1. Taking the Cα centre of segment 137-290 as origin and charging only Cβ (+1 Lys, Arg; -1 Asp, Glu), how large is the dipole, in debye to the nearest 20?
2. With +1 on each Lys and Arg Cβ and -1 on each Asp and Glu Cβ, how big is the dipole of segment 1-116 about its Cα centre, in debye rounded to the nearest 20?
3. Ordered by residue, what ³J(HN,Hα) values in Hz, to whole numbers, does segment 141-158 give under the Karplus form 6.51 cos²θ - 1.76 cosθ + 1.60, where θ = phi - 60° and Gly and Pro are x?
4. Return the sequence-ordered ³J(HN,Hα) values of segment 72-85 in whole Hz as given by the Karplus equation 6.51 cos²θ - 1.76 cosθ + 1.60 applied to θ = phi - 60°, using x for Gly and Pro.
5. Taking the Cα centroid of segment 84-117 and of segment 136-209, what is the distance between the two, rounded to the nearest whole Å?
6. Add +1 for every Lys or Arg and -1 for every Asp or Glu among the other residues with Cβ under 12 Å from the Cβ of LEU96, and state the total.
7. Tell me, what is a quarter of the convex hull surface for the C-alpha atoms of segment 8-141, in nm² with one decimal?
8. Could you tell me what percent of the accessible area of segment 1-141 is made up of carbon and sulfur, with a 1.4 Å probe and every protein chain present?
Amino acid sequence: MSCAIVEKTLYFILSDDPILKLQGAKDIRRLTKSSLRYRRHFSDAVKPLVDMLRNSPSVEYNEAALLALLNLSVKDEGNKKSIIDAGALEPIIGFLQSENANLQEHATASLLTLSASSVTKPILSSFGVIPLLVDILRRGSPQAKVDSIITLYNLSTSQGNLTLILQTEPIPSIVTLLKSCKKSSKTAEKCTALLESLMSYDECRKALTSEEGGILAIVEVLEIGSLQSREHALGALLTMCQSDRCKYRELILREGVVPGLLELTVKGTTKSKEKSQTLLSLLRDTPYERSQLQPDTLENIVSKLISQIDGKEQTGKARGLLAEVIQVSMNQSLRRLHQRATVCTPVDLSIAGGASTISST
C-alpha cells in the first residue's frame, strides 16, 4: 500500500474541483474493493463522499460516491458507523425509490453491507427501510431483489424488526423470489431462513398456504438446497405443523415432503435428524398424544406415511430411502452391540477369573 496514493486520493476527494472529486471517489472504490487496509486509511473520506450524495450534480456522481461508500463499509464496523453518522441514510433511502435501476441496486447493496452490523440494524429500521426493501422485492431488478432479501434477513435478527417485516405482508414477494431462484443458492437460504421465522405468525402461515406453490417451494429447498437451507426449510414446515397439525398436515404431505425428510434422517445434522423425525411423526394419519411418540420406531412411522403417498415415483423413492434408514439404524445397533461386547476392563477380567476359580473348587 502506497502512502502517496492515499494522500493523492484524499486530496482529490476533498477538492472543490468536481472532476477531481469524481476521480477521487472512483479511486477509493477501486482501492478499497479488496483491501481492509485501504478501507481503514480512507476513513477520512466518508464525510466528503456523503456530501457528494447530498449535493450531487449528476447520476454519475451519485453512483461513484455510493459505490465508494459501499466498499468502505465492507467488514469495517468503524466505517459503517461513520457512514450513518455522516447522514448517508437519507440520500440512500431516496435512491431506493429512484426510477434509475442502477442507483436502486447500489442503494440496496449499500444497505445490505450496513445491515451486517448488530449496531446498525435498529438504526436502519428506525429510518423506515423495511417497507422500502419489501417494495424492492416486489418491483426491483433481479439483483436488487437478492440484496433486499438478504438485508431483510439481516434486519430480522434484531429484536422488534421481525414484527415490522410482518406488517409489510412480505410472504407473496418472498415466495415469488424463492420459486424463481436456484434452490441451492444463497438467495434460497435467506428466503427460507426468513420464512422459518415468519411461520411463527398465524397470518404468515395463512399467507403462505394462499400462495400457489408456496409450500412446494419450501419442500424443494428441503430436497435439494444447501445444508443450511434445508434446515431452515425443515424448521418452517415443522413450525407450521406444530402450530396446527390438522390444518397443515395434508397440505405439506401433498407436496411430497417424505423423501426429503427421510434423506435428512440419514444424512442431516443431529439437529436435522431430530426435527425430521418429529415432523414425520406429526405427519402420521393417526392423531396422538406426545407421550405416544416414543414407542413408534421411525421405520413404522414412515411405513404408515408411504401408504398414504400418491404417485409411483414418490413412493418408490420413499421406499428406497426407508430401506437406507433401516440399514443405517441396523448398522448403528450392531456397532453398539459390538462395542458392549468388546469393552472389558482388567478389573472385569480379574473378577471373572476369580469367579471361575471359585466355581471350579
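1. Values: 21 positive and 18 negative charges, 53 e Å.
Its charge dipole is roughly 260 debye.
2. Values: 14 positive and 14 negative charges, 102 e Å.
Computed charge dipole of segment 1-116: roughly 480 debye.
3. Each residue's phi maps through the Karplus curve to give 5, x, 5, 5, 5, 4, 5, 5, 5, 5, 5, 4, 5, 4, 5, 5, 7, 9 Hz.
4. Whole-Hz 3J(HN,Hα) from phi for segment 72-85: 5, 8, 5, 6, 9, 5, x, 5, 4, 5, 4, 5, 5, 4.
5. 19
6. Numbers: positive: ARG139; negative: GLU90, GLU99, GLU105, ASP135, ASP147.
Summing Lys/Arg as +1 and Asp/Glu as -1 gives -4.
7. Working: hull surface 29.4 nm².
Computed as one quarter of the Cα hull surface, the answer is 7.4 nm².
8. On the way: 3500 of 6610 Å².
C and S atoms contribute 53 percent here.
The values are calculated or read from the model by the stated rules, or taken from the named source; none is laboratory data. On a predicted model such as this, the values are computed, not experimentally measured, just so you know. With ideal geometry, Cβ positions are generated from the backbone for all residues, glycine too; neighbour counts draw on all protein chains shown. Heads up: the accessible areas ignore ligands, DNA and RNA and are worked out on the full protein's heavy atoms, side chains in. Shrake-Rupley method; radii C 1.70, N 1.55, O 1.52, S 1.80 Å.
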